[in-house]
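S.K.: My questions all concern the structure below.
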There are 2 protein chains.
Amino acid sequence: MKNTQTKQTDLPHVVIVGGGFGGLYAAKSLKDAPVKVTLIDKRNFHLFQPLLYQVATGTLSPADIASPLRVILSKHKNTQVLLDKVVDIDPDAKKVYLEEREALNYDALVVATGVSHHYFGNDQWQNDAPGLKTVEDALEMRRRIFTAFEAAEKETNPEKRQALLTFIVVGGGPTGVELAGAIAEIAHQSVKDDFRDIDTTQAKIVLFEGMERILPPYPEECSVQAQKSLEKLGVEVQTKTLVTNIADHSVTYRQGETTETIKAHTILWAAGVRASFMGKVLAERTKAELDRVGRVVVESDLSIKDYPDVFVIGDLANFPHQGERPLPGVAPVAMKEGEYVANLIAKRVIGVKVKPFSYQDLGSMAVIGQNKAVVDLNFARFSGFIAWIIWVFAHIYYLIEFDNKLIVMIQWAWNYFTQGRGARLITINTSLQLEINPPQPGKESTPQSKQEPVSVSA
Amino acid sequence: MKNTQTKQTDLPHVVIVGGGFGGLYAAKSLKDAPVKVTLIDKRNFHLFQPLLYQVATGTLSPADIASPLRVILSKHKNTQVLLDKVVDIDPDAKKVYLEEREALNYDALVVATGVSHHYFGNDQWQNDAPGLKTVEDALEMRRRIFTAFEAAEKETNPEKRQALLTFIVVGGGPTGVELAGAIAEIAHQSVKDDFRDIDTTQAKIVLFEGMERILPPYPEECSVQAQKSLEKLGVEVQTKTLVTNIADHSVTYRQGETTETIKAHTILWAAGVRASFMGKVLAERTKAELDRVGRVVVESDLSIKDYPDVFVIGDLANFPHQGERPLPGVAPVAMKEGEYVANLIAKRVIGVKVKPFSYQDLGSMAVIGQNKAVVDLNFARFSGFIAWIIWVFAHIYYLIEFDNKLIVMIQWAWNYFTQGRGARLITINTSLQLEINPPQPGKESTPQSKQEPVSVSA
């Protein structure tokens, strides 16, 4: 097939790989720059990942937190969106190789492909304990959570029924805390009147965390508040607990010298991430240094050493030039990095230098249940309902930039007052497909079939 | 496994199979009747099928038009919802056999399992031309429609590009008209600024109808208005056209003596339906008469001849006692039949007879695009914007009974003013799974794996 990039212009060509927070904000910030921009993503939408757990737990629909990249960028006349997958790069020839088209030449390359789940060398746990990165992951979690109650209603053996009503979340970071809180609310509130043969308030929700407290990067005060709120919702919080095995609908864990096994139908993974495929490619082609989880260690301007035209931003980047630890893999960091790189590139075209990247941490937050949160704004800390209000406005502020997100706010208000969960459809097992990679007829094949098998299910 | 129906009561047991409009309204109407009700469905939600085309065309999310059956019926303390599939019945022993549990005994049985697509003996067309009955069907249609534009943006061969931008809808009933109108709006309005290498307003949308006008059961005036509105949106309407073959992304059709073939990447089937599996079961076990498409011919009280305790309602029923033709397979008929049968059963318990079923037709309606419709209210006919307003209120009236459907109204208003289509996510090929029927571990297997392979895809 011929290269479709036939619109010849003399403008520098910026190629951005990945339409998450980092890549999208880089593209948005280049709107009026004297460059031609190509944004490549294997999916046709940007996903507002901080709210993905609400899709997994039946509060929102996928479309509520996803916007087509083409729509967000339709007014950017210098920008083309390509639905494709980068398979390799040649940083010396300045070329990006794609799965479905001829290679693209770039003047600047921005890689923002993020991370996927990491099972610490136990990839066989994936089947039993899916993680939460994609829309399909979220629908699979939703399917498992709500199917568990249905199966429990059918089950007459008390032991099996208890396993069906046991939900384990591995990992006490924000995602784990948010998932555990939401599942507790489902079991103890949302579905409690819906079954006839089971009492869903008897469901057991356990949150495992290896460190000595949940939300380890947060101030201790937040961790304590979060644990209290979770316990009030009915979550059993087990800290200093290492999961040593997951198999056959059970979790084996060690606490000090004791090792125990608990039966659970639903096990959700929120414990670790690993850099995406592009990290390896960059390391091979540019000799860039990778950290322990495969993230690319970047220079103070987010470029790769010896390759000033190749930038890595967002969760895939390890930016070690500020504080003791690299910047965390959260949306605000990715957005600021995207904006910084866009500005650097636009300035470089006109021969102006910019200062090294620096990030002003605005704080962190996590939600616990439908109307509680913990928020650390550095200068002040909040918990409970006030924290939740802050959380809502912080999220609405970013969501509002996209097209139809007013709906989300109304949906939240509605759910808040009705205690409802409208999106609790059990649909078909969405993750299996990713494993199968069906042969596709001709080149009109779907981009989805090339999706990496990030989540596989029994 | 033991029968879970262990709550012994002396109340008559009404078993309802299917949670569509017929079955759900039967269950709802039995709320205060002195009976025990069991509603069996293989899915955990009721689907508001008249709006399914809006999911297929990216206006609504599945959860917007689906409500969990347990939620709708949670206040019905005499009612249990079972997620299961009926595999057989014994009308003499009054037993219903289930896939995952012991058989249930019934005092009255209401069968409301509806219809699925019918390819008039050409089941091999299914792959190329999926139909629209389930949530998965709708997501598959959505995936095909939006993937076609993406593939066209990549394609450089003009002939192949044109095939990718050709959309064919087979069948000019309400669903076909609604689909064709929506696709024309997508191509000519929603996505027209989103691509750089294709002009989506060049897309060709063709509607094929075998009869001499679209919407054949409607008054001729409505058909004429509908065709005009469709043509204004950019749909090519081809009546008196018989599709003779669908294969390899092309449709062969006959008009009079002429036979032609048109290449099209996206072909959607809205032409025929066939009774579901339960029709055959009933015919075998009760000797009930089936009509040409497998629907069960019922008595004037909707029961089966010689089996006064077995009722068939909704799309699966052929009720020939009123007018020249059997009642049409539409939601209002199913709802009225459900209410009638519920009342009959409740009255029979106390020894009171009821009159034969009769249906007062309130009219028919179909939507063309985002703000036009045709409405036939028997006493008056409307088309255009006024008809659309009538259509909106008629649908909101029924939707409002479910939980979170206020959202739908707001979403419509939003879409109407912004011309937006928020739900145009391309997600994984959802229909393949149905074909595969993966082996499921143990009995906690998902109910979805037993779904009939109603839609298969390449």
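None of the figures in this text is laboratory data; all of them are computed from the coordinates on show. Everything numeric in this text was worked out from a predicted model, so none of it was measured. Virtual Cβ from ideal backbone geometry, glycine too; neighbours counted across all protein chains shown.
S.K.: D for region A:149-279, whole µm²/s, Stokes-Einstein with Kirkwood Rh over alpha-carbon pairs at 37 °C and 0.692 mPa s: what number? Before the final figure, lay out the partial values.
M.R.: Numbers: Rh = 15.5 Å.
Value of D from the Cα-based Kirkwood radius: 212 µm²/s.
S.K.: At B:PRO216, label 7 Å along Cα→Cβ: distances to the other copies, nm, ascending?
M.R.: 6.9
S.K.: Along the charge dipole of chain B, Cβ charges K/R +1 and D/E -1, which of B:TYR106, B:SER116, B:VAL206 sits furthest on the positive end?
M.R.: So the residue furthest toward the plus end is B:TYR106.
S.K.: What Kirkwood hydrodynamic radius, in Å, does region A:185-242 give when the mean of 1/r is taken over all pairs of distinct Cα atoms and then inverted?
M.R.: Numbers: mean 1/r = 0.0791 Å⁻¹.
Kirkwood hydrodynamic radius for region A:185-242: 12.6 Å.
S.K.: I need the Debye-formula profile for chain B: one equal scatterer per C-alpha, no solvent, reported as log10 I(q)/I(0) at q = 0.11, 0.13 1/Å, two decimals.
M.R.: With no solvent term, the Cα-only Debye profile gives -0.90, -1.24.
S.K.: Across region A:252-269, in residue order, what do the Karplus-derived ³J(HN,Hα) couplings come to in whole Hz, using 6.51 cos²θ - 1.76 cosθ + 1.60 with θ = phi - 60° and x for Gly and Pro?
M.R.: Along region A:252-269, the couplings run 9, 9, 10, 10, x, 9, 8, 10, 9, 10, 10, 7, 7, 6, 10, 10, 10, 9 Hz.
S.K.: Any chance you could get the radius of gyration and Dmax over the Cα atoms of region A:61-190, in Å?
M.R.: Rg and Dmax of region A:61-190, Cα atoms, are 21.2, 66 Å.
S.K.: Using a 7 Å offset from Cα along the direction of the beta-carbon, what are the separations from A:VAL349 to the same position in each other copy, nm, ascending?
M.R.: 7.5
S.K.: Something else: Name the trypsin sites (Lys or Arg not before Pro) in region A:212-280 that are in a loop by DSSP and that have at most 16 other C-beta atoms within 10 Å, would you?
M.R.: The qualifying sites are A:LYS240.
S.K.: How much mean residue ellipticity at 222 nm does chain B get from its helices, if each DSSP H run of length 4 or more adds -39500 (n - 2.57) and you divide by all residues, to the nearest 500 deg cm²/dmol?
M.R.: Taking each H run of at least 4 residues, the total per residue is -9000 deg cm²/dmol.
S.K.: Expressed as a fraction of 2.2 N^0.38 Å, the rule-of-thumb size for a compact globular protein of N residues, what is the C-alpha radius of gyration of the protein assembly as shown? Spell out each step's value before the answer.
M.R.: Values: Rg = 28.5 Å, N = 916, 2.2 N^0.38 = 29.4 Å.
Ratio of Cα Rg to 2.2 N^0.38 Å: 0.97.
S.K.: Now, a different point. Rounding to the nearest 10 and keeping the result within 0 to 90°, find how far the Cα-based axis of helix B:277-286 lies from the longest principal axis of chain B.
M.R.: Roughly 30 degrees between the two axes.
S.K.: Under 5 Å between amide H atoms, partner at least 5 residues away or on a different chain: which partners does A:GLU236 have, H built in plane at 1.01 Å?
M.R.: A:ILE205, A:VAL206, A:LEU207
S.K.: Still on this structure, please answer the following. Would you mind ranking B:SER61, A:SER29, B:SER358 so that the residue whose beta carbon has the fewest other beta carbons within 10 Å leads the list?
M.R.: Ascending Cβ contact count within 10 Å gives the list B:SER358, A:SER29, B:SER61.
S.K.: Then there is this: Quick one: putting +1 on the C-beta of Lys and Arg, -1 on the C-beta of Asp and Glu, what dipole do you get for region A:3-106 around its Cα centre, in Debye to the nearest 20?
M.R.: 360 debye
S.K.: Follow-up question, since we're still on this one. Hey, for A:ASN245 with labels 7 Å out along Cα-Cβ, what do the inter-copy distances come to in nm, ordered shortest first?
M.R.: 5.9
S.K.: Going through the cross-link list A:LYS372/B:LYS192; B:LYS42/B:LYS240; A:LYS75/A:LYS287; B:LYS36/B:LYS287, which pairs have a Cα-Cα distance over 32 Å in this structure?
M.R.: Cα-Cα > 32 Å for A:LYS372/B:LYS192; B:LYS42/B:LYS240; A:LYS75/A:LYS287; rest within.
S.K.: Which trypsin sites (Lys or Arg not before Pro) in region A:301-393 sit in a loop by DSSP (not H, G, I, E or B) and have at most 10 other Cβ atoms within 10 Å of their own Cβ?
M.R.: Qualifying residues, ordered by number: A:LYS353.
S.K.: Could you name the residue in chain A with the C-beta closest to the rotation axis that superposes chain A on chain B, along with the separation in whole Å?
M.R.: Value returned for chain A: A:SER61, 2.
S.K.: Convert each backbone phi in region B:313-329 into a coupling constant with the Karplus relation 6.51 cos²θ - 1.76 cosθ + 1.60 (shift: θ = phi - 60°), then list the ³J(HN,Hα) values in order as whole Hz, x for Gly and Pro.
M.R.: For region B:313-329, the Karplus curve yields 9, x, 4, 6, 8, 10, 9, x, 8, 8, x, 7, 10, x, 4, x, x Hz.
S.K.: What stretch of chain B, leaving out the sites themselves, is the longest with no chymotrypsin sites (Phe, Trp or Tyr not before Pro) in a DSSP loop having at most 14 other Cβ atoms within 10 Å?
M.R.: Looking at chain B, B:121-378 is the longest stretch - no exposed chymotrypsin sites (Phe, Trp or Tyr not before Pro) with at most 14 other Cβ atoms within 10 Å.
S.K.: So, one more: Mind checking the angle between helix B:331-349 and chain B's longest principal axis? C-alpha axes, 0 to 90 degrees, to the nearest 10.
M.R.: Rounded to the nearest ten degrees, it is 0.
S.K.: Of B:PHE195, B:GLY272, B:VAL296, which is farthest on the positive side of the dipole of chain B, counting Cα position, with +1 on Lys and Arg Cβ, -1 on Asp and Glu Cβ, and the Cα centre as origin?
M.R.: So the residue furthest toward the plus end is B:VAL296.
S.K.: Looking at chain B only, what percent of DSSP beta bridges run antiparallel? Nearest 5 please.
M.R.: The answer is about 50 percent antiparallel.
S.K.: What's the angle, to the nearest 10 degrees (0 to 90), between helix B:135-154's Cα axis and the longest principal axis of chain B?
M.R.: 10 degrees
S.K.: To continue, here is another question. Work out from phi, with θ = phi - 60° and the Karplus expression 6.51 cos²θ - 1.76 cosθ + 1.60, the ³J(HN,Hα) of each residue of region B:369-386, listed in order in whole Hz, and give x for Gly and Pro.
M.R.: x, 7, 8, 9, 7, 10, 9, 10, 9, 6, 7, 7, 10, 10, 9, x, 5, 4
S.K.: Report the charge-dipole magnitude of chain B in Debye, nearest 20, computed about the Cα centre from +1 at each Lys and Arg Cβ and -1 at each Asp and Glu Cβ.
M.R.: That gives chain B a dipole magnitude of about 960 debye.
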